[in-house]
Amino acid sequence: MHVNPLHPITYLYLGLLCCLLLLPSCESTDTKGASYASNEEVHREFFPEEAPYTRPNSLIEAIERPSPWVDSVFNTLSPAERIAQLIIIEAFSNKGPKYEADVMNLVKRYKVGGVIYFQGGPVRQAVLNNRLQAASKVPLLISMDAETGVGMRLDSTVQYPFQMMMGAIEDNGLIYRMGAEVAEEFKRLGMHVNFAPVADINNNPQNPIISYRAFGEDKLDVTAKSLAYMRGMQENGIIAVAKHFPGHGDTDVDSHYDLPIIPHDRARLDSLELYPFRELIKHGIGGIMVAHMHMQQLDTTLNLPSTLSKPIVTNLLKNQLEFKGLVFTDAMVMKGVTKFFPPGEAEARALIAGNDVLERLNSVPKAIQAIQHAIAEGYITQEEIDRRCKKMLAAKAWVGLDRYKPIELENLYEDLNPGIADSTNHALAEAAMTLLNNRKNFLPIRQKKRQRIATLSFGAVRPSIFQREVNKYGRIGDDFVISRKANAKEIKQLRQKLKGYDLVLVGLYGPSVAPSNRLGYSKEATQFVTELARSNRSVITLFDNPYTLNQFPDIHKSRVLILAYQAHKHAQVAAAKLLFGKIPARGKLPVTVNRHYQYGHGISKDKPLLAVKP
């Protein structure tokens, strides 16, 4: 049988087929069983995956080098939702279900970027926060205006001193320690931003809103203490926000109720008010809050708050001072802005001016609508909104919201009231006690055998913590209390009762535990304090704002005068210890009160006035 020879091409095909069939079973001696790489493996070799994102040390670095999460979230947002990311709404955890439903509606309907919490309780806030986060398309940036820690807003939690009291402390390490503890409280409550420190220089005794909230009147002290507080928070993962740019210390108008007018020129601002902000920026502050003030030397536009001023926010803060972090407005519900600009228009102008985040609005829908109109009219571009949205998302990634977890409710109270917080509060109070008068070295009190001592608290309804503490160290005959509003008859009765005592330990209190600007003493009560000051048998301690010393004529004639700054429990304990020589006097007056008591005044002892027996 004749067989036709195969065509040469056929032989070629057969050879290729054999090679292909043999390939899977072939093994190279130098690859030890490795097969050829798949297309996916080859792709990984030539296009390696991006290295895992490592959180930068500072928020500024996180903004400049954002994580992949930022773009992935940003790409899911509509233009309107990108605007909403720049809005922080208020929330209270003590207003009930109807109020909370309104807050929930803003989160779900408008996709706002964050929440600022005010009064309430820790468990109620944590429960509400978990619900809001679960409902939010993008994790919410949670903030609080907590200058003295979460106890400034929430019951059953720790409250640290106001900044004026800390201004008396020479050891700034204590302030860093407090900032670190505040950061732990914030993280335990699922919060990320604290609107603190107050970096204003309070050089106006008539200031109705800053005053005891500031560290004092010296720019170097204010800066050093602001840096310590900032570092304590930011080195422990919480964004610090310095306020109130460009400086709210020298005004006698409260921007909550009106628009303050600041007349100072740029040279003055550069040398004083701007100094702390400039230094905080150099050292990596994450956020700055802009105040509602009219700075006529920086922007001549009539009645224009600094929050709405492009020369102030963009030109000065962002360009000249080179601030790269988040720029927050002060609350947009304050009269300092709403007096001249209606809701919606105010928020649009604030973004046009250069702010990144709008805080506490009158109307979220009006704001979004007005901002959209501003974009359509060319006052601001969508691209600029997008850049700020990405800054906001970068901040969320830096605080860990790319790995969001709900707040654990178990042991919340215990975790928010650690023993170390009490220890820190005692250390702060003891370091702040300021001895203004100690004529003939009267302190420490060394009670003589037959000496009769009484205690007296003005402004208390029952014996105070101070009086109870004094009883631990001396043989006290009686503890007296009298109202700040006492009338002539009540004063006369008290004067009669005190006649039999050789020494009266007097505590002066204001209307609340927090410091005040006006003590509200009646004419008769004020006169009796003056009478006690002139006597040679009274030791006086003021548990309030240093400036209120001016409400008592001749108080400078006191034999002993101690400034304890506020009626904080730990301050009352420390004051009693100081009287009996258990702790040294180390505090320095952080502000000038009058010609008798000026900045830096304070009789200082570097050891306890009286050695404590073991």
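Residue 289 versus (1) in contact (Cβ under 8 Å) with a residue 60 or more places away in the chain; (2) crowded, with 24+ Cβ neighbours inside 10 Å; (3) in a loop (DSSP other than H, G, I, E, B): which is the lone unmet condition?
(3)
Can you find, within segment 457-488, the residue that is surrounded by the most Cβ atoms within 10 Å (Cβ to Cβ) among those that are in contact with an Asp or Glu (Cβ under 9 Å, 6 or more places away or on another chain) and over 19 Å from residue 512 (Cα atoms)?
Ranking the candidates gives 470 first.
Let me confirm something: among 427, 454, 421, which residue is small (Gly, Ala, Ser), outside the structural domain of residue 134 (by TED's automatic domain parsing), buried (at least 17 other Cβ atoms within 10 Å of the Cβ) and within 20 Å of residue 533 (Cβ to Cβ)?
454
Does residue 91 satisfy being under 25 Å from the mean Cα position of the chain (by Cα), surrounded by 23 or more Cβ atoms within 10 Å (Cβ to Cβ) and within 10 Å of residue 364 (Cα to Cα)?
Spelling it out, it is not the case that residue 91 is under 25 Å from the mean Cα position of the chain (by Cα), surrounded by 23 or more Cβ atoms within 10 Å (Cβ to Cβ) and within 10 Å of residue 364 (Cα to Cα).
Residue-wise test of (1) surrounded by fewer than 24 Cβ atoms within 10 Å (Cβ to Cβ); (2) β-branched (Val, Ile, Thr).
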site: 178; (1), (2): no, no
site: 181; (1), (2): yes, no
site: 186; (1), (2): no, no
site: 201; (1), (2): no, yes
site: 209; (1), (2): yes, yes
site: 216; (1), (2): no, no
site: 219; (1), (2): yes, no
site: 226; (1), (2): no, no
site: 233; (1), (2): no, no
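Take the residues of segment 350-385 that are touching a Lys or Arg at 6+ places or on another chain (Cβ under 6 Å) and in contact (Cβ under 8 Å) with a residue 60 or more places away in the chain: which is nearest to residue 86 (Cα to Cα)?
356
Quick one: is residue 489 more than 30 Å from residue 148 (Cα to Cα) and over 39 Å from the mean Cα position of the chain (by Cα)?
Criteria met by residue 489.
Residues that are modelled with pLDDT of 75 or more: find the helices (runs of 4 or more DSSP H) completely inside segment 1-105 holding 1 or more of those.
59-64, 68-74, 79-84
Residues checked against (1) buried (at least 19 other Cβ atoms within 10 Å of the Cβ); (2) at positive phi; (3) assigned to a loop (DSSP other than H, G, I, E, B):
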{"position": "280", "(1), (2), (3)": "yes, no, no"}
{"position": "285", "(1), (2), (3)": "yes, no, yes"}
{"position": "297", "(1), (2), (3)": "no, no, yes"}
{"position": "307", "(1), (2), (3)": "yes, no, no"}
{"position": "331", "(1), (2), (3)": "yes, no, yes"}
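Conditions (1) at pLDDT 95 or above; (2) part of a loop (DSSP other than H, G, I, E, B); (3) assigned by TED's automatic domain parsing to the domain that holds residue 242; (4) of a type in the set (Lys, Arg), marked per residue:
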residue: 107; (1), (2), (3), (4): yes, no, yes, no
residue: 116; (1), (2), (3), (4): yes, no, yes, no
residue: 131; (1), (2), (3), (4): yes, no, yes, yes
residue: 138; (1), (2), (3), (4): yes, yes, yes, no
residue: 174; (1), (2), (3), (4): yes, no, yes, no
residue: 178; (1), (2), (3), (4): yes, no, yes, no
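Being part of a helix (DSSP H, G or I), under 26 Å from residue 197 (Cβ atoms) and more than 22 Å from the chain's Cα centre (by Cα), is that true of even one residue in segment 319-327?
Yes, some residue in segment 319-327 is part of a helix (DSSP H, G or I), under 26 Å from residue 197 (Cβ atoms) and more than 22 Å from the chain's Cα centre (by Cα).
Condition test on residue 408, is it free of Cβ contacts under 8 Å to residues at least 12 places away in the same chain, surrounded by fewer than 19 Cβ atoms within 10 Å (Cβ to Cβ), of a type in the set (Asp, Glu) and in a helix (DSSP H, G or I)?
Spelling it out, it is not the case that residue 408 is free of Cβ contacts under 8 Å to residues at least 12 places away in the same chain, surrounded by fewer than 19 Cβ atoms within 10 Å (Cβ to Cβ), of a type in the set (Asp, Glu) and in a helix (DSSP H, G or I).
Being crowded, with 23+ Cβ neighbours inside 10 Å, within 27 Å of residue 599 (Cα to Cα) and β-branched (Val, Ile, Thr) is the requirement here; does residue 169 meet it?
Considered against the rule, which asks whether it is crowded, with 23+ Cβ neighbours inside 10 Å, within 27 Å of residue 599 (Cα to Cα) and β-branched (Val, Ile, Thr), residue 169 comes out as yes.
Would segment 392-405 turn up any residue that is basic (Lys, Arg) and under 19 Å from residue 88 (Cβ atoms)?
Checked against the condition, which is being basic (Lys, Arg) and under 19 Å from residue 88 (Cβ atoms), segment 392-405 yields at least one hit.
The values are calculated or read from the model by the stated rules, or taken from the named source; none is laboratory data. Just so it is clear, the model here is predicted, and its values are computed rather than measured. Cβ: placed from backbone, ideal geometry, glycine included. Neighbour counts: every protein chain shown.
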